[in-house]
1. What number of residues within segment 73-121 are outside any strand (DSSP E or B) and either among the polar types (S, T, N, Q) or on the phi > 0 side of the Ramachandran plot (or both)?
2. Would you mind telling me which numbered condition in (1) modelled with pLDDT under 85; (2) open to solvent by 90 Å² or more (accessible area, probe 1.4 Å) VAL34 fails?
3. From (1) modelled with pLDDT of 95 or more; (2) over 18 Å from GLY122 (Cβ atoms), pick out the condition that doesn't hold for PHE86.
4. Regarding ARG44, is this residue modelled with pLDDT of 95 or more, surrounded by 12 or more Cβ atoms within 10 Å (Cβ to Cβ) and basic (Lys, Arg)?
5. Residue by residue through segment 95-104, note down the ones that are among the hydrophobic types (A, V, I, L, M, F, W, C) and more than 12 Å from the chain's Cα centre (by Cα).
6. ARG113 is checked against (1) touching a strand residue (DSSP E or B) at 6+ places or on another chain (Cβ under 7 Å); (2) open to solvent by less than 70 Å² (accessible area, probe 1.4 Å) and fails just one. What number does that condition carry?
7. Search segment 47-83 for residues being of a type in the set (Asp, Glu) and under 19 Å from ASN125 (Cα atoms), and hand back the single one that is least open to solvent (accessible area, probe 1.4 Å).
8. Hey, among ASN125, ASN91, which residue is at pLDDT below 95, over 15 Å from the mean Cα position of the chain (by Cα) and open to solvent by 40 Å² or more (accessible area, probe 1.4 Å)?
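The values are calculated or read from the model by the stated rules, or taken from the named source; none is laboratory data. Just so it is clear, the structure is predicted and the values come from calculations on it, not from any experiment. Here the Cβ positions follow ideal geometry from the backbone for every residue, glycine too, while neighbour counts run over all protein chains shown. Areas reflect the complete protein model, heavy atoms only, side chains present, ligands, DNA and RNA absent. Shrake-Rupley method; radii C 1.70, N 1.55, O 1.52, S 1.80 Å.
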Amino acid sequence: MKLLPRVALHRSVVALSLLAATGCNSEPDQLPEVTVNVPDQFERDGIAWQKQPGVQAPDMQCLKKFFSLNQDLAGSPEFEGQPTVFTSGTNDRRFYWLNPAADGLRWQCVEFRNRKFSVMDGTENPF
């Protein structure tokens, strides 16, 4: 018997759970179209965050370190795709994943500030 890698296994379990929850309907429910105005900059707790034009090499290194420290989150569907990146200063970064959900918008944020990682999540516009 061949074992699936952890990420593939996680995705398989999620897919099976979704099928079971929907009663195996032939047509999946449509998620509502969600539009989020992502600003070029915003301020939170007295810190100004500036949107970056994309994910750069230093951002990838930061995310690589985060996911190596938090292997339980690696491969999670909530962190799929390219995040929107904001910076504040030289090293401080915020990575946002914005995902449509049945009840609107769901977002995840990985923040690297003061040499520490933190994770935030929520609904509605995070900016």
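1. Matching residues across segment 73-121 total 9.
2. (2)
3. (2)
4. No.
5. Within segment 95-104, ALA101, ALA102 qualify.
6. That leaves (2) as the condition not met.
7. Looking at the filtered set, the residue picked out is GLU78.
8. Only one candidate passes the filter, namely ASN91.
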